[in-house]
Amino acid sequence: MTPEQVSLAANWSTIVACIVAVFALVLGARQFVETQKASREYQAVELFLKFNQLNIEQALSSNLESDHWYNNSKFAITESLFEIAHKSESWASTIRWMLEQQEDFIRSGNFDVETYTKRFRDFCENHNCEIRP
């Protein structure tokens, strides 16, 4: 091979290697996004199950003191679920239902409003469930 042919082959090899590297990077990024999405979905399901478990436990041991802590826990779970999954319309619908289930507690204002994110407070307000101090 002539020096020009060797140089041309080296250039093409570099170009092919770059294309393969970019392809691998894009594929890796896509897999990362899919893994994150699956992880968020798993977390959302876990929080929803915990919300339901707290409802069961609260019904079994209802008293004024424990009701306060159950309600606080359920409301914190609702916000966490919102933060994880509110972009999904089906989860947004579930979060609205969860807020409806907590309507009395939310109206009582028996919690620190400032601990909840502005985005969550806005979501609540937009769904007729305004959080007030």
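Assorted remarks:
- Of THR14, THR78, ALA92, farthest towards positive along the dipole that unit charges on Lys, Arg, Asp, Glu beta carbons give the chain: THR14
- Relative intensity, log₁₀ I(q)/I(0), of region 3-126 from a Debye sum that treats every alpha carbon as a point, q = 0.09, 0.15, 0.19, 0.23 Å⁻¹: -0.43, -0.76, -1.04, -1.31
- Sites THR117 and ALA21, calculated FRET efficiency, Cβ-Cβ separation with R0 41 Å, nearest 0.05: 0.55
- Cα extents of region 47-97 along the three principal axes, largest first (Å): 36, 15, 14
- Most mobile of GLU65, GLU57, GLU100 in a GNM of the chain (Cα contacts under 10 Å): GLU65
- Extension gain for LEU64-ALA38 works out to 5.5 nm (0.36 nm per residue, less the C-alpha to C-alpha distance).
- Across the chain, Cα pairs under 8 Å and at least six residues apart give a relative contact order of 18 percent.
- For region 95-109, backbone phi angles converted through the Karplus equation (6.51, -1.76, 1.60; θ = phi - 60°) give residue-by-residue couplings of 5, 4, 4, 4, 5, 4, 5, 10, 3, 4, 4, 5, 4, 5, x Hz, Gly and Pro being listed as x.
- Largest mean-square fluctuation among LEU54, LEU27, LEU81, in a Gaussian network model of the chain whose springs join Cα atoms under 10 Å apart, belongs to LEU27.
- From phi via Karplus (6.51, -1.76, 1.60), per-residue ³J(HN,Hα) for region 30-38 in Hz, x at Gly/Pro: 5, 5, 4, 4, 5, 5, 4, 4, 5
Bear in mind these aren't lab numbers, they're just calculated from the coordinates by the rules spelled out. Source: prediction; values computed, not measured. With ideal geometry, Cβ positions are generated from the backbone for all residues, glycine too; neighbour counts draw on all protein chains shown.
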